[in-house]
Each structure stands twice: as C-alpha cells, then as structure tokens.
Amino acid sequence: MDAISYVGTECVQVLVQSFRSMTLAKQFFLAGGIVTAGAVLLVSLSVTNLIAQAVTRNAAAATALYVDSIIAPILPDLSTTQEIDPSVERALDETLSHGALGRRLVSFRLWSKDGKIIYSNDKKLMGLIVPPSEDRQSAFRGELVANYEEKDEDDNPLERESGGPLLEIYNPVLQPWSGEVVAVAEFYEDAEDVGASLTRVLLLTWLSILSVLALFFLVLSLIVFRGSSTIEAQRKVLKEQIADLDRLLRQNTELGKRVQKASQQTAALNEQFLRKVGADIHDGPVQLLAYATMRVDSPAIRSGVGLEVDRKHEVGLIKRSLEDAIHELRSICRGLVLPEIENLPIEQVLDHVVSSYRSRTGADVSLVTEPASCSISPSARICAYRFVQEALNNGWLHAQGKGQFVEQRITHDMLTITVGDEGPGFDLATVWSGRLGLSGMRERIESIGGRFKILTSSSGTILTMFLTISETSAL
C-alpha cells in the first residue's frame, strides 16, 4: 500500500507540475474543457430528466383521460362494493380487447383500497391481494403516476412479452359526485411512439445544450488565447528587456571597474609623466641655462678685462645657449598642449598630428583616412590624437621614422586607428615595465572603453587602437 500511495503521489505531482508549466491559455483550455464537459453532462442529465418526466406525464395523462372516459361508465359504484359482477367483467373484457384500447393497452388491472385485484385482463391475477407499492399509494392519494419502462424492466410475463417499451400508468378512479378515490387503475400502454418521441427530444436537447456550451466555451477560449498571446508577447519583451538591462548592468559594472583601475593607473602615470617632463626640462633647458649662467660669470664678462672679440664670443655663447633652451622649452610645451581639435572631424585631427610630426622631424609618413558618418566624441578624438602622436614619436625614437604609416577606418560602430613602422621591433616581455609611452597609450585607451593591441617583430611594429563610437559618445 505504501508503494502504491507513493506512486500515486508521484503521478499527481507530475501532473500538477505539467499543468503549471503550461501557458495560461492551455491551462484554461484544459480546465475549462473539463468543467464544460462536466457542466454539459450535469445540465443535460437534469434537463433531459425533466423533459422525460414531462413527456411521460403528458402522454400518461392523455392515455389515462382516454381510458377513464371509456372505462368509468362501465364500472359499478365501487364506493359501496369491491366486486365486479360477470356482466361488467365481460364488458371490460370486450372493451379492453378490441378497438383502440385493445391496440394500445398491453395489461390492465383494477385495484381496491385493500390491495385486491378486482379486475385484470390476466384472469390468473384476479382476486390476488398484493401489498400496496409506493406508486399505488400515490395514486390512492389522487396523484397520476406514470413510469416509462423498457421491455426488460417489468417482472410480469405479459408485459415482458410485449416486445417494446411500456408506459406504466397508475390512474386514480374517482367517485363522480364526491371526487373520492375508490380504486386505482393500473395499465401498461405500448410506448413505442412515446419512446421514439422521447429519444428525439432528448437527442435534440443534448445537442442544443452541447452546442450552446461549446460555443460559449470556444468564444471564451478565443478571448483567453488572445489575452494569453498578448501576455506571452509582453513577457517575452520583458524578458528581453531584463536581459538587456542585466547585460548593461554587467557592462556598467565592468566599465566602472575599468575606470577605477584606469584612474588609479592614470594617477601613477601622471606622476611618472611629471617626472619625465621634469627630467626633460632638467636634462635640456636647465643644462643650457646653467651653461649660460656659467658663461656670464666668465672674466671677460664680469671684469670687462680682455679683448672686445672675447666678450662678443662669450655673449654669443650665452645667446645661443638661451636660444637653445627656449627652443627646447617650446618643443616640450608643444608636446603638452593640444591644438584646437574640438570641432574638427577625426580625419582632420589625424592630418593635424601627422602634419605637425612631419614638419618637426621631416619624416615621410603615409596617412590614409576615411570620413566618419557619425559624430565622434571629444574624448575619443583627444585619445586618437595622443595615441598617434606618441606612436609616431616612439617610431622616430626607436626606428628613426623608417616606413611609418597611419591608417584610420570606421566599420559600423568601430573606430580603428593603426600606426606602424619598419623598425627593428622590441621585446614584448619587458615593454610594459620599461616603456612609459606604451603604458600611457594603453591606459588612456582603456579608460574610455577601448582596446589596445601591439604586434612587433624584427621587420617592424604595429600599434592599433579600437574604440566603439557609441560607448564613447557620452564621455
């Protein structure tokens, strides 16, 4: 029993789980179909039972009225006697065996109040006393009782031999002047026509109820399916929006981490850059200024002793040192200050940085650009300017500007800028620790969501930056 109970519980759980996994429309269709089928069965049984009772009672009432109108004049005053004399018996035999009654009635009995059969067309039953049945008691209370019976439902051989359905009728026999029930006539009528009419009515009733409820259920199902379709579509859109939101949140989290990391690294790079600028100033302009100061303290300048040509020579040396210091300071400043590129398209920004590099170094740099079909943010243009500037300077420093080129492409939403040379290359294993310029380029590009790529070999070096334009538009 425990195993059977366990299996039954598992089956119920599987069915419940399967039902819950269905869409609302399918759940409604299944549950509604079961409820509708139950409603059709219940309503049909109730209505057809009422119709069957009404049809049976109406048919019985018509037959009872007909029989009563023919039999009543023949019967004696049963309020004073409970016996049928032979002449009345013969008259009843003649009436019940011929004509319309003979064709319609299969069996006839007349009951007295004490349960005695005072007349029957089956003479063997006359005189028998049978305890009153519920139907006979109802008839003695003045009610007309009618039952529709199939041919195998009666225990009397005479009724069973009729070969068709029967209408069993208990009709109270009333005293004309007082209305008192003095006897009950029990008779069985051939109900072939009644059965056919009843079957036809019941069939039409079942079909009508089934059609109405089925139409009602189908209309509701269409409404529910339409609503369910709308809900499923909205649920799908909502899931997609949630997935997009989750993806954006992950991207924002990742970008936040990258920005935080880039900020930390930028602070360190700024310190390194300041040290580099300080070193450049110290090793260049400061040394020249120190040399000029030293020459100012020379005897030819301070004491005024010596030839005029010596003083002119010293002044020339001081002037050249000061001019060289000013030139180097201007060069350092040009590297620190950006030109006006806020309103320039990306191709003009790149042309500006390449032209400046050409005029400063005299190197022959190949430049290939294409117009941008969408707006590129100032942060992306500044990043591109600094990337190309630093990459060209590195190429001049380490490859003497040999075979330098700059290419810019825009594919869909991706900005790609490539700077290369034909120098001897370098060791990638030590590049990040030893090359401040490359580290600065990478951190600058990654800080606005881009990617930085290096390819280097003995035949040259290629630096590439990738920026998604839409992701940098708000920066």
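The figure for E446 is an accessible area of roughly 70 square angstrom, using a 1.4 Å probe on the protein chains alone. If you take all other residues with their beta carbon under 12 Å from the beta carbon of V419, and give Lys and Arg +1 and Asp and Glu -1, the sum is -1. Less than 5 angstrom separates the built amide H of A372 from those of I346, E347, all sequence-distant by 5 or more or on a different chain.
For the peptides 377-385, 170-178, 215-223, the ranking by mean Cβ contacts within 10 Å, running from highest to lowest, is 377-385, 170-178, 215-223.
The values are calculated or read from the model by the stated rules, or taken from the named source; none is laboratory data. These numbers come from a predicted model, not from an experiment. Backbone-built Cβ (ideal geometry, glycine too); neighbour counts: all protein chains shown. Side chains are part of the model used for accessible areas, which takes the heavy atoms of the whole protein and leaves out ligands, DNA and RNA. Shrake-Rupley method; radii C 1.70, N 1.55, O 1.52, S 1.80 Å.
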